[in-house]
Structures are given as structure tokens and as C-alpha cells.
Amino acid sequence: MRIRLVATTAVAAGALTALSAVPAQAAEYNSALKIRGIQYDAPGRDSNRCSGGNTAEEYLTIKNYSRSTTVNLKGYVVKDAAGNKFTFTASHTLQPGDYVKLRGGNGSDSDTKNVVYRDNCNFMWNNDKDTIYVYKPSGSRADVHSYTANGSDSDHNGYITYHG
């Protein structure tokens, strides 16, 4: 009986040690790719016309927080709470510490300028509040971020929220 009690105590102590060694953020999602910020209310009067509109001023910034892993965005999906979605269909690589701005409207994607356009002139993000999800090509969730127009960060993940 004494041997079983000692073994159980050792296993429990090891489990507690393992749990305390994991940072709180690591429990969220296992991904180097995270939402860094969002410009959800494009400056000026909202106009989703492809010619002369301001949809390109609405953007989501996604950053590779890894110190050593390069991430190819091909196959990643960005969605909002209403089900609007964008899929990265072309290769776009993020080196460690690099970021990309996913902009509305039309334009030329560029690795050197860190920009990808949705090629859609409709606004994607709500001006009052929204929740944004990023999914890996495997379908597992890479990140989620919620915001409100009054600046609250309901998920407390500490990412910067931008607004016009």
C-alpha cells in the first residue's frame, strides 16, 4: 500500500509541475500565427465601391510570433462571427517576427510590402464589434480575437485593436 501511495503522490506532483511550467497564453492555441491588430472602421465615410471607395483602409494585421519558424499562409482561413471568410489561396510567407496586413478592396499582393488584398470591395469587419477567427490549413483554430467600438478587449489577449 505504501508503494502505491508514493507513486501516486509522485505522479500528481509531476503533473502539477508540468502544468505550472506552461504559460497561460500557450493554453489558448498552439500557433505562431496570431492577430496583432485590426483597423475595423476605415477612416472617412464608409464606401464599398471598388473605384473610389475606402475598403482598402480596413485591414487585419496577422503576425508570426515564432522565433524560428517560417509560416506559409497558403490555406489559412480568416472568418468573422457572421461567417464572412477569406482564404489565402496563394503562397505568402511570413518569416519569424514578420506580419501581413489583410486589406479589403483590390490591389497587388506583395511579400515585400507585407500586404494581401481580399479582392472584395465589401467591408468585412463590423464597426461596432466583431469576433475574428484564424484557422490553419488543417482546420484547427490558430487564433481568435474579439473587439468592440469602445475599445474593450473581451478576450484579454493583449493584442492592439485599431479603429478610425
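Any read-out appearing in this document is the output of simple, stated calculations on the displayed coordinates, not a laboratory observation. It should be emphasised that the depicted structure is a prediction, and the values quoted were computed from it without experimental measurement.
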In nm², the average projected area of the convex hull spanned by the Cα atoms of the range 97-139 is 4.4
Residue by residue through the range 88-97, what is 3J(HN,Hα) from phi via Karplus (6.51 cos²θ - 1.76 cosθ + 1.60, θ = phi - 60°)? Round to whole Hz and write x for glycine and proline. 6, 8, 10, 5, 8, 9, 10, 6, x, x
Expressed to two decimals, the range 33-140 has a Cα Rg over Rh, using the Kirkwood radius, of 0.95
In whole Hz, what ³J(HN,Hα) sequence does the range 123-134 give by Karplus (6.51, -1.76, 1.60; θ = phi - 60°), x for Gly and Pro? 5, 9, 9, 6, 7, 9, 5, 6, 10, 10, 10, 10
Can you tell me the length gained on complete extension of the stretch Ala90 to Arg45, counting 0.36 nm per residue apart and subtracting the Cα distance? 13.1 nm
